[in-house]
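Participant: Next up is a structure, given as structure tokens.
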């Protein structure tokens, strides 16, 4: 994907709500970034597979509880088979690039945590209030997206 013109307003991303309940989602990497992404994937009912040689204690516990299926080994291209959505969240740019490339070949959307334009999807800054999920996605500035999300949260309060 080529970078957008920096002078265009808004984000170059097309926002859509993915319905991932009971759909296969692959997370490659099992560090703190993956851990943060897993929370929301589990909230929406995704069937999550994690592939990584090592995992945080929290991800290992999710595997032990049967909430995710962790495969304690390096990523292989066949891991992508059947996935509706993929997150490449390793500390290796080479592995993340291979994940994104394999996902692209399968026409599967992929978030690349280390290089936004290296994937085909971005993760917005979100929070839930009553029956709404508020999402903010910017143009390569995740800290600004988080700040705007927090400003919206403060203006809405808890929604009661």
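Participant: Report whether or not residue 50 is closer than 16 Å to residue 122 by Cβ, buried (at least 20 other Cβ atoms within 10 Å of the Cβ) and within 13 Å of the chain's Cα centre (by Cα).
Facilitator: Working: closer than 16 Å to residue 122 by Cβ: no; buried (at least 20 other Cβ atoms within 10 Å of the Cβ): yes; within 13 Å of the chain's Cα centre (by Cα): yes.
No; evaluated as a whole, the condition is false for this residue.
Yes/no matrix, rows are residues, columns are (1) part of a loop (DSSP other than H, G, I, E, B); (2) closer than 29 Å to residue 138 by Cα; (3) without any contact (Cβ under 8 Å) to a residue 40 or more places away in the chain:
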| site | (1), (2), (3) |
| --- | --- |
| 10 | yes, yes, no |
| 14 | yes, yes, yes |
| 19 | yes, yes, yes |
| 75 | yes, no, no |
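Participant: Would you point out which residue out of 40, 49, 73, 112 is closer than 24 Å to residue 148 by Cβ, modelled with pLDDT of 95 or more and in contact with a strand residue (DSSP E or B) (Cβ under 8 Å, 6 or more places away or on another chain)?
Facilitator: On the way: 40 fails: modelled with pLDDT of 95 or more; 49 fails: closer than 24 Å to residue 148 by Cβ; 73 fails: closer than 24 Å to residue 148 by Cβ.
Matching residue, one of 40, 49, 73, 112: 112.
Participant: Looking at this structure, is residue 102 in contact (Cβ under 8 Å) with a residue 12 or more places away in the chain and assigned to a loop (DSSP other than H, G, I, E, B)? Explain how you work it out, then say what you get.
Facilitator: Numbers: in contact (Cβ under 8 Å) with a residue 12 or more places away in the chain: yes; assigned to a loop (DSSP other than H, G, I, E, B): no.
It is false that residue 102 is in contact (Cβ under 8 Å) with a residue 12 or more places away in the chain and assigned to a loop (DSSP other than H, G, I, E, B).
Participant: Output the residues belonging to the stretch 87-96 that are over 15 Å from the mean Cα position of the chain (by Cα) and not in a loop (DSSP other than H, G, I, E, B).
Facilitator: 93, 94, 95
Participant: For the stretch 114-139, which positions are exposed (fewer than 15 other Cβ atoms within 10 Å of the Cβ) and assigned to a loop (DSSP other than H, G, I, E, B)?
Facilitator: Within the stretch 114-139, 115, 130, 131 qualify.
Participant: Something else about it: Condition first: farther than 12 Å from residue 30 by Cα and surrounded by fewer than 18 Cβ atoms within 10 Å (Cβ to Cβ). Now tell me which residues in the stretch 69-91 satisfy that. Explain how you work it out, then say what you get.
Facilitator: Kept after step one, since they are farther than 12 Å from residue 30 by Cα, are these residues of the stretch 69-91: 76-86.
Residues satisfying the conditions are 76, 77, 78, 81, 82, 84.
The values are calculated or read from the model by the stated rules, or taken from the named source; none is laboratory data. These figures come from a predicted structure and were not determined experimentally. Please note: Cβ atoms are built from the backbone with ideal geometry, for glycine as well, and neighbour counts cover all protein chains shown.
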